[in-house]
Amino acid sequence: MIFWLRRGIASPLNFACLLCGFLVFPFVVKWTDAFSIARIDANSPEHTPAFLKFAAILLLFEWTWFFIAWVGICKYGKVSFRQLIGGKWNRSSEIFRDLGLGLLTFAILLMTGAFLQQLLARFQNDSTVMRSMSPQNSVEATAFMALALTAGFVEEFVFRGYLQAQFTAITGNVVVASILQLLLFIQGHYFQGLLRLIPVGVIGLLLTLVALWRKSLKPGIIGHALGDGLGSILFLLKRL
């Protein structure tokens, strides 16, 4: 087993630490009652403190996952951070290309999410809960924007970058690697409810296909961050 794990882009110990980080996540969330926000009315004065607690705990875990993955690739030296995200921009045309692909990815994710939301709406009975987890004022919108930008960058780097490359190196099969990292990606969103894991899985698959097609994480990072942050962006724009 250790022999196979040593094929990866990070050490077996680093890989195990990251997997432990994923496994610990739901227990810490339960222990801290991070999602108490789901039980608080959106108009309650207790909503903002609970929302900030929710955002802070998610931010802590996201950046912890990033740090573990970043240290792993830096220490092992098989692939650099720059290589993992798709290299650097050498010309302005490359920047505009990735921005365009990122916006296209965002549009596809938005349409796919809207379609699945309509398709699954009849089976969902948690609209009040989801509303309570949406930003209700500028403070919450700003916190959620920070969370969205973090998720766009960190989740693409960790799942479509580190884990995709790690599982590909270990198994020698891109399809198997994609399935394994998608399963971990879905597991990390369990708090949204079982039914909502369906669109999470589909969106994760689309982001995986974009990363594999372009051999770069940049379009996915842009599309993911915009998709997660759309609600906050619209909220803040209304108040300009």
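The values are calculated or read from the model by the stated rules, or taken from the named source; none is laboratory data. In this text, all values refer to a predicted model and were calculated from it rather than measured experimentally. Note that we place each Cβ from the backbone using ideal geometry, even for glycine, and neighbour counts take in every protein chain shown.
Restricting to segment 187-232, name every residue that is more than 19 Å from residue 112 (Cβ to Cβ) and assigned to a helix (DSSP H, G or I).
187, 190, 191, 218, 232
Checking residue 209 against (1) in contact (Cβ under 8 Å) with a residue 40 or more places away in the chain; (2) under 17 Å from residue 102 (Cβ atoms); (3) surrounded by fewer than 20 Cβ atoms within 10 Å (Cβ to Cβ); (4) of a type in the set (A, V, I, L, M), only one condition comes out false. Which one?
For residue 209, the failing item is (1).
Could you run through segment 1-31 and say how many residues are outside any loop (DSSP other than H, G, I, E, B), β-branched (Val, Ile, Thr) and surrounded by 14 or more Cβ atoms within 10 Å (Cβ to Cβ)?
Within segment 1-31, residues that are outside any loop (DSSP other than H, G, I, E, B), β-branched (Val, Ile, Thr) and surrounded by 14 or more Cβ atoms within 10 Å (Cβ to Cβ) number 1.
Condition test on residue 196, is it within 19 Å of residue 168 (Cα to Cα), at pLDDT below 95 and of a type in the set (D, E, K, R)?
Against the criterion (within 19 Å of residue 168 (Cα to Cα), at pLDDT below 95 and of a type in the set (D, E, K, R)), residue 196 does not qualify.
Considering only segment 94-123, how many residues are surrounded by 13 or more Cβ atoms within 10 Å (Cβ to Cβ), more than 20 Å from the chain's Cα centre (by Cα) and in contact (Cβ under 8 Å) with a residue 40 or more places away in the chain?
1
Give just the number: which of (1) touching an Asp or Glu at 6+ places or on another chain (Cβ under 9 Å); (2) modelled with pLDDT of 85 or more does residue 40 not satisfy?
(2)
Output the residues belonging to segment 70-111 that are of a type in the set (Ser, Thr, Tyr), within 30 Å of residue 15 (Cβ to Cβ) and at pLDDT below 95.
Those that are of a type in the set (Ser, Thr, Tyr), within 30 Å of residue 15 (Cβ to Cβ) and at pLDDT below 95: 76, 80.
Yes or no: segment 73-84 includes at least one residue that is in a helix (DSSP H, G or I), within 28 Å of residue 28 (Cα to Cα) and not basic (Lys, Arg).
yes
Taking segment 150-182, which residues are out of contact with any Ser or Thr (no Cβ under 9 Å at 6 or more places or on another chain) and either among the basic types (Lys, Arg) or more than 26 Å from residue 75 (Cβ to Cβ) (or both)?
Selection gives 175, 179.
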